[in-house]
1. Among (1) crowded, with 17+ Cβ neighbours inside 10 Å; (2) in contact (Cβ under 8 Å) with a residue 60 or more places away in the chain; (3) in a loop (DSSP other than H, G, I, E, B), which single condition is T232 missing?
2. Tell me which of these N97 doesn't satisfy, since it passes every other one: (1) crowded, with 18+ Cβ neighbours inside 10 Å; (2) over 30 Å from V224 (Cα atoms).
3. Any residue that is in contact with a strand residue (DSSP E or B) (Cβ under 8 Å, 6 or more places away or on another chain), among the polar types (S, T, N, Q) and crowded, with 18+ Cβ neighbours inside 10 Å - is there at least one of those in the stretch 251-269?
4. For L292, only one of the following conditions fails: (1) touching a helix residue (DSSP H, G or I) at 6+ places or on another chain (Cβ under 8 Å); (2) closer than 30 Å to P228 by Cα; (3) not in a strand (DSSP E or B). What is its number?
5. Hey, among the residues in the stretch 204-246 that are among the acidic types (D, E) and modelled with pLDDT of 95 or more, which one's farthest from A160 (Cα to Cα)?
6. Which residue, of T192, T188, is over 25 Å from T54 (Cβ atoms), in contact with a Pro (Cβ under 7 Å, 6 or more places away or on another chain) and among the polar types (S, T, N, Q)?
Amino acid sequence: MAKLRYIALILSIALTGLLIAPASAQKSRSRATTQEFAYRPAAIQLTAFPKVVTNCGGGDARGSLVQLEVHSDLPSAQSTRYRWSANGGHIEGDGPNTRWDLSDLKAGYYKASVEVGDTKECVAFSEVTVAVRCQPPVCPNIYISCPEKITAGQPVTFSANVAGGYPSISPVFNWSVTAGRIISGEGTSSITVDTTGLKGGQSIQATLSMPGYDPLNCSQSCVVQLPPEPPTCRPFDQFPKISRNDEKARLDNYAIELQNDPSATAYVIVYPERSGKAGEVQLHVNRVVDYLVNSRGIDKRRIVTLVGPTRDRLLLELWTCPEGAKAPVPTNQTN
């Protein structure tokens, strides 16, 4: 009897093991299936070359092209699709390798992005940034021609010849002058300047500035000088027949003036009196010259005497003439 109970217990344990084993195997197979089909997102990388474009504003398009390339680990290349987008420029093509045209864009930063997927709706996204920088502007060659000879009071013309520079910048002519007044040609390559009122020896500087090449200061200047005004004689004193002492006092002041400018010439003009006595003119001339030479030490070679037209009464004029000045001319003006 005891033997029968022992056999029954062994059978019971065996049956229990058979029932538990299939459930464990099923759970193990379930875990294996989950690991085999676990979702793993695709990895893609978008590259751009070059990363910096140094051409914009309507320049050569060849310098504004960027090569875009996608590297991915999607299993099926035949079913892969690419969706491109950018916030500027134009993307050419729809495959993994394409070109991005950034011509005509202003300086700044621009992004291109790509969305890569397959027929199983496995989608990945990547983007890249490219900088657009304009080439530094180049000043044109500016040549300004100045007139070789100018005359005070006469118009002066300045002309400019411009070559080279940045081809996309249209030339603009901004003229300025330091003296005179621009009367024609403003905004063109040649101007005419009015010199009325300018003094001899005064300079005129004409400057041409050409905007559009910032931050460069594209300008050129040319300077001309009005010919110096010729020296002129000036009247120092005049007096009629006066006492000898008064005459000497006048001549003393005249001698001081001549001594202050050793290069000056003294001109003594005597206007005879219509009813005067013969030899009266020569008497006054000799008296003036003798006093200046012998009493005041003026070189006789520096003194020139002239006789003018007759007047109602005798008159003496004293002139000082700097070197190079034209001699004074006696006048018919009555006193």
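The values are calculated or read from the model by the stated rules, or taken from the named source; none is laboratory data. Keep in mind the model is a prediction, meaning the values are calculated, not measured. Note: ideal-geometry Cβ built from the backbone for every residue, glycine included; neighbour counts use all protein chains shown.
1. (1)
2. Exception for N97: condition (1).
3. So far as the stretch 251-269 goes, yes, one or more of its residues are in contact with a strand residue (DSSP E or B) (Cβ under 8 Å, 6 or more places away or on another chain), among the polar types (S, T, N, Q) and crowded, with 18+ Cβ neighbours inside 10 Å.
4. Answer for L292: the failing condition is (2).
5. First pass over the stretch 204-246, keeping only residues among the acidic types (D, E): 214, 229, 237, 246.
After this cut, where a residue has to be modelled with pLDDT of 95 or more as well, the list is 237, 246.
Values: D237: 52, D246: 64 Å.
Ranking the candidates gives D246 first.
6. Numbers: T188 fails: in contact with a Pro (Cβ under 7 Å, 6 or more places away or on another chain).
So the residue among T192, T188 that is over 25 Å from T54 (Cβ atoms), in contact with a Pro (Cβ under 7 Å, 6 or more places away or on another chain) and among the polar types (S, T, N, Q) is T192.
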